[in-house]
Each structure stands twice: as C-alpha cells, then as structure tokens.
Amino acid sequence: MRSPRLAALELRRFGRGRLPRAALVALLVLPLLYGALYLWSFWDPYGRLDRIPVALVNDDKGATAGGKKITAGDDIVEGLRDSRTFEWHEVSDEEARAGVEDGTYYLSLTMPADFSRRIASSSGDSPETGALRVRTNDANNYIVGQISRTVFNEVRSAASTKTSRNFLDKIFVSFSDIHDKTVTAARGADRLNSGIGKAEKGSKDLADGLKEAKGGSGKLAKGLKKLDTGSGDLQEGSRQVADGTQALADKVNGVYAKAGPFIRTNEKTIGDTARLVSDSAKAVKDNLDVLVKVAPGAARTAHASAAVLDEVYRKRCEPATLPDPACPDLKRARTAAEEVATVADDLNTLIADQNGSLKTMRANLGTLQKQADALAERAPHLSEDVDDAVKKINKLNTGAHKVAAGAEKLHTGLGTAHTGAVTLDKGIGTAKSGAETLHGGLYKLSDGSGKLAGGLHSGAKKIPDYDKQDRDRRTGVMADPVQLASHDLHKAPNYGTGFAPYFIPLSLWVGAMVAYMLIPPLNRRALAAGSPAWRIAFAGWLPVVAVGVLQVAALMAVLHWAIGLQMVRAAGTVGFLFLVTACFAAIVQWLNARFGAAGRILVLALLMLQLTSAGGTYPVQTSPGFFNAIHPYLPMSYIVEALRRLITGGGLGPVWQACGVLTAFTAGALALTALAARRRQVWTLDRLHPELSL
C-alpha cells in the first residue's frame, strides 16, 4: 500500500467517534494557544502604557532668573499629562513612596523643591544640575522599570533641551550686549585717541613753556638775590633812622621838660618859631636834595646863631647890675638855639648816613611840617597842645622803629624768597625734564590708543550681533545639536508583529509535538505488512504534515483577520510555514521513532534549546557563548530570520537560505526515520517490554 493512502487511513481514524474528532480539533487549535494567544497578549504593550498607574510628585517651588518666573516642574507635569505616557497620579512624596512599595504604583517621578532653582542657576555664578528623581520597584514588575528608564530619559532630554535653549538664548543676548559695548568702547577709544593727541600736543607746549619758565625762574632767582641785598641795606638804613628818631624823641622830651614853662609864657614866640620850623621843614622837604648839600651850612648857621644869642646874653645879662626882664627869655632862647644847633648837627649826620632813606625822611618832614603848622596855629593854645605834639613825635619814633622792624622782616622774607626762587628754578628744571618725558610717553600712548581703537572696531565686527529670529534658530540647533535622523527600512508596526517570527514557529513545533502524541510516528500497518522503510517513514510523516498545514492555515487566519498581523509577503509567509511544519514534523517523527518514549523528552529539550538560541527576543550575540555556539546548527535560528524578512520586508537571502536548511533537515530527518523504521521491523525484548512508556 502506498504512503499517501496509508496516511489517509491514519487520518480517517479521527472521524470514527466524538473523542477522536475532538482530539483532532484540539490538535488543530493547539498552535493558536501558543501563537495567537501569546501574540495577542504581547501585541502592543507600549500602546497601552497609559493604563499603568504611576505616581507623579511635583514639589518644585519655582524660581526667578533674569526677572522671569521659572516653573520647570509645572512645565514637565503639563507635558507629561499631554503625552499620556502613563496613568499619572499626582500625589505627595510620602504617598508615592508607600505606593511604589506596596504595588499601588509601578514607579514614581519626583520634581524636587529646588528643581527650578537649580535650572535657573545655569545663568549665575554657581550653576547646578537639576535632578529628576525616579523610584522603581522591580519586585512589582521588572519590564516596567526598563520601560520607565527609556521614557524618563526622553523626559530628561526634553527638559534639558528646553533649559539649554533658555541658557543659550541668554548667551546670544550677551553676545549682542558685548557687541554693543565693544562698539561703544571703540568709539570711546576714538575719543581717547583724539584726547591723547591733544594731550600730546599740550605736553609739547608744556615742555616748551617750562623751558621758558626755567629761564624766567633763573632770572627771578637772580633778581631776588639783588632785592635781598638791597633789603639788607634798607634794613640797616631804617635801623639807623630809627636810632635817629629815638634820639630826636629823647631830645624833644628833654627839651620839653625844660621848655614847657617857657612855651606857656612865650606862646607867640613859639608860634613864630613853629612857623619858622614849618617853613623850614617845607623848604627841607621841597628841597630835600638841596638839604643834603646845605645841611652842613645850616648846621654851621645854627651854631653861629647860637653863638650870637650867647654873645647877646653875655653882653646884656651877665654884666648887668640890675635885673633885665628879658634875660630869662634870652637865656632860654640861647639854650634853645644851642639845642637847635645840636639837632642840626644830628640832622646833618642823619642825612649823611641815611642818603638811601630820603623818601622816608621826606614823609617824616611832611609830617613835621604839618605838625609845625599845627603848632603855629595852636600857638595861642600851645600849652594845651604841647602834650599832643610830644606824643606825635614819640609816635614818629615808634613808626621809625616799625619801619626798621619791617625792613628786617622784609630782608628775612626776601632771603626766604630767594631760597624759594632757587628751589623753584630747580623744580621747574625737573618739571621741564618730566614734561619732555611726558611728551615722549604721550606720543607712544597716542600711537597705542590708535591701535586700540582700530582693534576694538575690528573686534566689534567679529563679535556676533543676533536678532531674536537668529537667536531662536541658533539656540534650537545648539540646545539639541544632534538629531536622530531615524529611518527604519522595514519597521514593524507593533510589538506583536516584531515577536511573530518567534512565536509562530514555537506554536508549530508544539503542534507537531502534540500531533505525534496522537499519531504514531511509524505506521503500524506498514510495519506489520513489511513495507519498505522509506514508505513507512512517509506514511507516519504525511498525516502530521497534513495536520500542520491545517494548523498553519488556522493560525495565520486568526493572526491576520482577528489580531491584525500584516505581512509584506503573505503568500510567501504561508508557503514558508508549510515547509516549516513539514520540517518540524520530520524532526519530531524521527526523535519519537528512534527513541520512543524518551524521544518525547528530547523533543521538548530540543524546543528549549531552539528557543534560547534562535535570537527571537534579544540578539543571540547578547546570550552566553553556549547559545552562540549552537545557534547555527538549529533550524529555528534560520526560521526566525526568514520570517522577519517575509513579514516585515527586506532581502530574501535569509529566506532562501532557510528553505535550503529546512529542506536538508527534512530530508535528513526522514532518512533517519526510515532507518529507525528498518530497525523497528526487527522485534527485540526491549520493544516487547520497554523500560519506559509514555
């Protein structure tokens, strides 16, 4: 009997009762329990994250920077609400901590109280990093913790980008301020250069002026030296005048003491004499220069007059026997004439000694003239005014002494002035040298200020001056300079589509494994009839392949129309899965045919090895070395890679490679099954009494 007919007879057994029919239905539906249900549960978990309860704590108190209120915590909370990433519950920090601990919330996100202040500090002197606090509990769910780290990294990146934009905007505003200040500084440097140029010219004029002043100060010193010498002479002359006036005052006072009575009794004579003195003083004052010449003669005349009066007195009064009433007057007149002669001698001597003080003497003579006139006018009342006359003479004496003292001070002052003039001359010389040095320095400074102004103008052109639009564009680029230009060549639309290449072959392997629990791997009728081994192998393989085809049809129909699996190459995917189920049936058949009851354990073990080494979830390179070593030698490794290309798209190279590998595995497994069938045609005690039966 041929293998297809034997396979049909094997399948026909499932229609002979309710239980076999139920077993066949269960056999067809079983892959759905692995494929459809698994994929349905994993289909789009990221699309339902808004159902995950997460605690949100906003303790941020805000801050102020640059006169603006910053509420970074409120901004993040508002953004999270709009994103609907999780099911956010705004609670206190204590509630969040307790909720994460007892499982009420899977995790918590906290904005601390100083969050805005730390962000605002980026524009100050002591910038600080703002920190978002995430609290997870892997005892609740490990995967949620992993997802949250990805989501919160995006939140942190967005918050950092916004903060960077604000910070960089201030930097660009500062650039504009610096540009404006530099332009202002350049203009100031221009004015400075102009001012220094004027100062340089002024320093030259100053140096020239100090040169002239040096010559003048030298002349001043020499002139003051001469004045000092003259003031010495003046001091000496005024001292001699004071001595003379002192002698005069002493004489007058002495004469007055003697002539007082005479004055009272001879007021007319005194008046006449006073007029004579006034006239004489006037004549002397008017002819002071002549006085110097005639003073000696006047002295001689005074002496002659005194001699005449003396002679008259001797002749008239000394030999007289009877008293002459005029004798007392003559005696007094003689005495007065002698005193006048003495005064004339003193005056002659004084004039001779004080030739340089004639001006002072002329003033004194003018005073004497006035006093003599006053004396003449007051002669009738001379006794009353004599006291005033004596006082004035004494005052004249005092004035002469003051003149002498002033002359002494003048001499001292001129000496000091001379010393100061010498010092001034030296100082002006030093100032002249300093002015010349200043001129040289200002010349260099003028050149440097010109270069400074040029440099500032050049620098101002190089400093950027951004307007608001330009600032916005640049801050956007610098705050987030690297954009991820993501281009997914063959993007899986959801999580389930990405895992379908892994769960579909798993379900088909389980389907084949269960099928051979209901269908014997080797057809008993063919074995009993002594059919060829290859026919026996095909007779046990074809029924399971037929069931596998139905399993593939049922599974893919549910995945496509019920769950929504979209395949780029739907027909190719279904055809490839037919080959997959044929390969799995051949491998499971051989293990059961060769190892009997132990083969079922090997089938399960081989499934575990394929699941852990196929790279269906994480790349196989991330697995330990053992799984990398067995990866190339197991069929599911190639099946997963081929299904990815058939479902999501891409090159068909891995598909053709998988087809070749599966064909080889199928042929090899069938050959080994035929060999096992050959062996099964020989009965042994182990077959009659197996050690283990499942």
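A few remarks follow.
- For M567, no residue has an amide H sitting under 5 Å from its own, ignoring neighbours fewer than 5 places away on the same chain, with H placed 1.01 Å from N.
- The fraction of accessible area contributed by carbon and sulfur in segment 571-657 is 70 percent, rounded to a whole number (1.4 Å probe; ligands and nucleic acids excluded).
- Ranked by solvent-accessible area (1.4 Å probe, protein heavy atoms only, all chains present), the residues S623, S278 order from largest to smallest as S623, S278.
- Shape analysis of segment 563-657 places it in the oblate category; the axes a ≥ b ≥ c from the Cα gyration tensor give an a/c of at least 1.5, with a/b not above b/c.
- Distance between modelled label sites at K451 and D233, nm, 7 Å Cα→Cβ extension: 6.3 nm
- Segment A598-R316, length gained on full extension (0.36 nm per residue, minus Cα span): 81.5 nm
- Nitroxide proxy distance, nm - points 7 Å out along Cα→Cβ at V549 and Q566: 3.1 nm
- Flagged links, alpha-carbon separation over 29 Å, of K251/K282; K211/K409; K331/K402: K211/K409; K331/K402
- Total formal charge among the other residues, if their Cβ is under 13 angstrom from that of G399, Lys/Arg +1 and Asp/Glu -1: +4
- The candidates E90, E212, arranged from most to least accessible area with a 1.4 Å probe in the full protein assembly, appear as E212, E90.
- Exceeding the 29 Å Cα-Cα cut-off - candidates K315/K370; K198/K432; K226/K395; K201/K225; K225/K432; K201/K426: K315/K370; K226/K395; K201/K225
- Area accessible to solvent at K211, 1.4 Å probe radius, in Å²: 130 Å²
The values are calculated or read from the model by the stated rules, or taken from the named source; none is laboratory data. The structure displayed is predicted, hence computed values, not measured ones. FYI the Cβ positions are ideal-geometry reconstructions off the backbone, even for glycines, and counts take in every protein chain you see. Keep in mind that these areas ignore ligands, DNA and RNA; they rest on the heavy atoms of the full protein, side chains included. Shrake-Rupley method; radii C 1.70, N 1.55, O 1.52, S 1.80 Å.
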